[in-house]
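Peer 1: Have a look at this one before I ask anything.
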Amino acid sequence: MGTWEQEWIDEQRRVDQLSRKIDRKMKAINKVLGGKKGEVVEIRKNFWEDVTVNFEDAAEAAETAASIRQQAELLSEIERSHQGAAQQMKTYVKLKNSPYFGRIDFKEETESDADKIYLGISSFYDEETNDFLIYDWRAPISSLYYDHGLGTASYTAPGGEVSGEMELKRQYIIRGGKIKSMFDTGVTIGDELLQEVLGNEANAQMKSIVATIQKEQNEIIRSTRGDLLVVQGAAGCGKTSAALQRVAYLLYKYRETLNASEILLFSPNAMFNTYVANVLPELGEENMEQTTFQAYIEHHLGQDFAIETPLEQMEHMLSSQHEDGYEKELAGVRYKASLTFLEGIERYLGNLKESGMVFRGVHFRGKPILSAKQITEYFYSFEDSISIPNRLKTVSEWILKNVREFEKKERNADWVKEQLHYLDESVYTKLYNRLRKKKQYSNDTFNDLKREEEELSAVIVHKAIKPLRNKIQKLQFVNVKAIYSNLIRNEHDCLKELPQDWESIANQTKIDLSESRLSNSDATPYLFLKERIEGFQTNTMVKHVFIDEAQDYSPFQFAFIKRIFPRAKWTVLGDLNQSIYVHSPENAFDHLRTLFSSDRTEKVHLSRSYRSTRQIVEFTKQLLKNGGSIVPFNRDGQLPGVRKLSSRYQLHEEILDKVAAYEREGHQNIAVICKTVKESQDVYSVLKGRMKVKLMAEETVAYEKGVVVIPSYLAKGIEFDAVIIYDASNEIYSKESDRKLFYTVCTRAMHELQIFYVGEPCDFLTNVSAGSFQNEKAPAPQ
Ligand SMILES: Nc1ncnc2c1ncn2[C@@H]1O[C@H](COP(=O)(O)OP(=O)(O)OP(=O)(O)O)[C@@H](O)[C@H]1O
């Protein structure tokens, strides 16, 4: 028998042995789980028997409360450890299926023999031999696997640098406890496994990449040096993947002090949340918190305004590209996204300390309590040195005091008397009982009619005034809308370097505000101003902020996020070549770096692209002006197709044919990508009667397998086996500003890319070398 076969047998034997050990641990855990479950059921059943209930007097009641608390704590303690055991069980199930994916034989300098280190998604410690039979991929020693080939190698252990010799590096694919494939590799991570992984069909959800993390990705995953880590990388180079593995790494490294709820990922849209939701659970970790910037804005302003979503803004800007006034509008959007605007707001806030605040008068049932003028005078009676939020706190207390005085007088008002008369029997009894309890009246004293009336009037007024009090507590007497509108009109001359024709922009903003609408470009500045006036609500709980697709954020938004999470470290991932928003400046990441000190900032560049075949990457990089440095991972496929069609009718026929052909080849995720939602809807209405297809035109839908028609904005960040670009004519992708959008949509393809157009092709296509694509219809299969 050849030595390799023998090796294989030995390795399988080890897997089998390990499997038996895992079985034993699973059995033990099962017992614990069963026992704990029994305990929980028992405690639940006897909960009220085991607590002493006595409400006779205060001391007894306190004892009862303590007794209930004790029982409840016991219960939750057991439930917690039950959860821990259940989690452990899940990990064992995964390990049993696939215990490890890699092995390194590493001989430390000071040792004579090499240690065999097996790497899996979680450690497995064997108490009988006092050995780690599996090392967690995040353990310090595991970095050898990702960072080094055979020969001299070193890693950083908690006690310092450990050097030695890597004698073997082996990769496995183990499924169901059986080794499916196994190969030795000399280089960092062998291309074979990666070839195999990347050649697979797309999933409806993103997968973990632990078995094939590349060296430069490992650097991102394990970096803990700075406060800001910026990752710039081409489409498909694994930014999102690296970010998610990094979350898992941080949760492992800082497991004593960091939990998943203290990590927040900003995703590009809500659909993307579902796309990445599986990666961490697959690794046995809890998911981090996920949100979108829009959701944050909605949470704070959604009650007061209809807020334009990024999708709506994109749609509007893309479809008005040829209209008069587009350039002016664009200049306005860019200005509102800039730090120049933010600085203007800061100047304005400085001014507001002396003048310019706008208040609403406080009224109740049409009667004035305090006029806007009185509130303004009171607000400006404070020293300039007192901050606006602090002043507002005092002002609101002062208003509430006035309201209380008003409330007392109001008890004699006619409307109160009237309500007293018509008091519903049940309300009356309820109020009566409540008063009796509170004041401990005897039945007799309460019968005193006058007293009763007084008390009931007080309750009626108090209740009626409650909404007003709430509004005052929420500082709604401050007219932020008017203050923002004045800012935009630049009455105080705080805004500098305004774009041309700002007046019409200001007018539009004013109309929007008066109709309780907020454009996407106004939303962040508006909230910023509001928060700065009312007192910024910071979040010090979050320790790590991740921002994916970061090229889509404006400098203003970055500054804003920094303010919300003053204590968090940031990991920011993006590709400047995929900036699809009009508000993104060319040098978006430079602005970002002004928020952190330069010696706490790290920048990593990824240029190797894994998603698409070599042919697709070679093609798409030519769509960019500066795509030269993008390196494809060497995976072979068909040349992308680019075809001119004579009519829309023919276009739709060809799409049907192409989708059918892709399906025959076994592709399951196929996307027809359009530029806008409108275009997607039109295409969908044509296709839907003729094939099984879904329209994904709203953020809220979950990403699913199948054939989809999807607008560019929603396709970003995700990938498909095969992509059809609906219409790449120069009518649709007409401006230079469409270049990055076009690049973004084409780079969604993993295995196949087909571009159609009717009329003339867009300029970006004319620059691609002839050998990089085919323009004939592929022959039908025999
Ligand atoms: N080391 C790796 N091993 C296996 N697969 C990888 C690796 N790195 C990236 N991939 C795969 O490449 C594809 C692209 O990765 P990902 O979506 O993370 O890239 P991205 O840089 O965020 O892309 P984009 O900017 O285009 O959205 C995914 O299918 C991912 O699983």
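Any read-out appearing in this document is the output of simple, stated calculations on the displayed coordinates, not a laboratory observation. Only a predicted model underlies this, so the values are computations on that prediction, with no experimental measurement involved. Here Cβ is always computed from backbone atoms with ideal geometry, including for glycine, and neighbour counts include all displayed protein chains.
Peer 1: Distance from the Cα centre of the stretch 117-131 to that of the stretch 203-282, in angstrom?
Peer 2: 25
Peer 1: Using the Karplus curve 6.51 cos²θ - 1.76 cosθ + 1.60 with θ = phi - 60°, work out ³J(HN,Hα) for each residue of the stretch 500-505 in order, rounded to whole Hz, and write x for Gly and Pro.
Peer 2: For the stretch 500-505, the Karplus curve yields 4, 6, 4, 4, 5, 5 Hz.
Peer 1: State the extension gain, in nm to one decimal, for the chain segment bounded by Lys178 and Gln87, taking 0.36 nm per residue of separation less the distance between their alpha-carbons.
Peer 2: This chain segment gains 30.4 nm when fully extended.
Peer 1: Kindly express, to the nearest 10 degrees and within the range 0 to 90, the angle between helix 677-687's C-alpha long axis and the longest C-alpha principal axis of the chain.
Peer 2: So the inclination is approximately 60 degrees.
Peer 1: How much mean residue ellipticity at 222 nm does the chain get from its helices, if each DSSP H run of length 4 or more adds -39500 (n - 2.57) and you divide by all residues, to the nearest 500 deg cm²/dmol?
Peer 2: Taken over the chain, the calculation gives -15000 deg cm²/dmol.
Peer 1: Separate question: Among DSSP beta bridges lying fully in the stretch 614-775, give the percent that are antiparallel, nearest 5.
Peer 2: 5
Peer 1: If I fit a long axis through the Cα atoms of helix 388-410 and take the longest principal axis of the Cα atoms of the chain, what angle between them do I get, 0 to 90°, rounded to 10?
Peer 2: Helix 388-410 and the main axis of the chain meet at about 40 degrees.
Peer 1: Calculate, in whole percent, how much of the Cα-Cα pair population of the chain lies beyond 40 Å. Don't skip to the end; give the middle numbers.
Peer 2: Working: 158481 of 305371 pairs.
Tail fraction, whole percent: 52.
Peer 1: Once the piece of chain linking Asp384 and Thr3 is laid out straight, how much longer is it, given 0.36 nm per residue of separation minus the C-alpha distance between them? Spell out each step's value before the answer.
Peer 2: Working: separation 381, 0.36 × 381 = 137.16 nm, distance 8.47 nm.
Separation in residues times 0.36 nm, less the Cα-Cα distance, equals 128.7 nm.
Peer 1: Computed FRET efficiency, Cβ-Cβ of Asp304 and Lys692, R0 30 Å: what is it to the nearest 0.05?
Peer 2: Between Asp304 and Lys692 the formula returns 0.10.
Peer 1: Further question: Once fully extended, how much extra length lies between Gln508 and Asn767, figured as 0.36 nm per residue of separation less the alpha-carbon to alpha-carbon distance?
Peer 2: 89.2 nm
Peer 1: With axes computed from alpha carbons, what is the tilt in degrees of helix 425-439 against the longest principal axis of the chain, rounded to the nearest 10 within 0 to 90?
Peer 2: On a 0 to 90 degree scale, this one is about 80.
Peer 1: Could you size up the charge dipole of the stretch 695-762 around its Cα centre, putting +1 on the beta carbon of Lys and Arg and -1 on that of Asp and Glu, and report it in debye to the nearest 20? Numbers along the way, then the final one.
Peer 2: Details: 6 positive and 11 negative charges, 37 e Å.
Charge dipole, the stretch 695-762, about its Cα centre: 180 debye, nearest 20.
Peer 1: Let me ask you something else. Say each of Ser320 and Leu423 gets a label point 7 Å from the Cα, pointing the same way as Cα to Cβ; how far apart are those two points in nm?
Peer 2: Result: 5.7 nm between the two label points.
Peer 1: Amide H to amide H, which residues 5 or more places from Met182 or on other chains are under 5 Å from it, using H placed in the peptide plane?
Peer 2: It is Ile173, by chain and number.
Peer 1: Right, something else. Hey, for a label at Tyr254 modelled as a point 7 Å past Cα toward Cβ, could you say which residues of the stretch 562-582 have their backbone N under 19 Å away?
Peer 2: Zone members listed by number: 562-573.
Peer 1: Provide the percentage of antiparallel DSSP beta bridges, counting only those with both residues in the chain; round to the nearest 5.
Peer 2: 40
Peer 1: Residues with amide H under 5 Å of Thr292's amide H, sequence separation 5 or more or different chain, H placed in the peptide plane at 1.01 Å from N; which?
Peer 2: Answer set, sorted by chain and number: Ser267.
Peer 1: With the contact rule set at Cα under 8 Å and sequence spacing of 6 or more, what percent relative contact order holds for the chain?
Peer 2: Working: 1199 pairs, mean separation 104.1, N = 782.
Relative contact order here is 13 percent.
Peer 1: Set Lys and Arg Cβ to +1 and Asp and Glu Cβ to -1, take the dipole of the chain about its Cα centre, and tell me which of Ala770, Gln290, Trp415 lies farthest positive.
Peer 2: Going by the charge dipole, the pick is Trp415.
Peer 1: If you average the sequence gap of Cα pairs under 8 Å that are 6 or more apart and divide by the length of the stretch 678-743, what percent do you get for the contact order?
Peer 2: On the way: 40 pairs, mean separation 15.9, N = 66.
Computed over the stretch 678-743, the figure is 24 percent.
Peer 1: Counting only residues 5 or more places away or on other chains, whose amide H sits under 5 Å from the amide H of Leu168 once H atoms are built in the peptide plane?
Peer 2: Residues meeting the criterion, in which the H sits 1.01 Å from N, are Asp105.
Peer 1: Here is a follow-up. Sort the following peptides by mean Cβ neighbour count (other Cβ atoms within 10 Å, averaged over residues), highest first: 243-250, 7-14.
Peer 2: Ranked from most to least packed, the peptides come out as 243-250, 7-14.
Peer 1: Can you give the direction-averaged projected area of the convex hull of the alpha-carbon atoms in the stretch 614-775, in nm²? Don't skip to the end; give the middle numbers.
Peer 2: Values: hull surface 36.0 nm².
Averaged projected hull area, Cα only: 9.0 nm².
Peer 1: Taking R0 as 30 Å, what FRET efficiency do you get between Glu192 and Thr156 from their Cβ-Cβ distance, rounded to the nearest 0.05?
Peer 2: Efficiency, from the Cβ-Cβ distance: 0.60.
Peer 1: Using only the Cα atoms of the stretch 227-309, what are the Rg and Dmax in Å?
Peer 2: 14.8, 43
Peer 1: Same structure, new question: Go through the stretch 257-265 residue by residue and turn each phi into a ³J(HN,Hα) via Karplus (6.51, -1.76, 1.60, θ = phi - 60°); whole Hz please, and just put x for glycine and proline.
Peer 2: The phi angles translate into 10, 10, 10, 4, 6, 9, 10, 10, 10 Hz.
Peer 1: About the Cα centre of the chain, what is the dipole size in debye to 20, counting +1 per Lys and Arg Cβ and -1 per Asp and Glu Cβ, all else neutral?
Peer 2: Charge dipole, the chain, about its Cα centre: 1460 debye, nearest 20.
Peer 1: Which FRET efficiency, nearest 0.05, do Glu736 and Val631 yield, Cβ-Cβ r, R0 30 Å?
Peer 2: The calculated FRET efficiency here is 0.70.
Peer 1: Which parts of the stretch 451-479 would a label at Arg434 reach, counting a residue when its backbone N lies under 19 Å from a point 7 Å out along Cα-to-Cβ?
Peer 2: 451-471
Peer 1: Per residue of the stretch 139-153, in order, report the coupling 6.51 cos²θ - 1.76 cosθ + 1.60 (Karplus, θ = phi - 60°) as ³J(HN,Hα) in whole Hz, putting x for Gly and Pro.
Peer 2: 5, x, 5, 5, 5, 4, 4, 7, 9, 10, x, 5, x, 4, 8
Peer 1: Pairs of Cα atoms under 8 Å, at least six residues apart: use those to get the relative contact order of the stretch 118-201, whole percent.
Peer 2: With pairs under 8 Å counted, the relative contact order is 19 percent.
Peer 1: I've got another one for you. May I ask you to order 318-325, 606-613 by the average number of other C-beta atoms within 10 Å around their residues, highest value first? All intermediate terms of the calculation are to be shown ahead of the outcome.
Peer 2: Values: 318-325: 12.6, 606-613: 22.0.
In decreasing order of mean packing, 318-325, 606-613 become 606-613, 318-325.
Peer 1: Then there's this: Between Ala458 and Arg360, what is the spin-label point distance in nm, taking each point 7 Å from the Cα along the Cα→C-beta axis?
Peer 2: 3.0
Peer 1: Would you please put 171-183, 615-627 in order of how densely packed they are, using the mean number of other Cβ atoms within 10 angstrom per residue and starting with the highest?
Peer 2: Packing order, densest peptide first, comes out as 615-627, 171-183.
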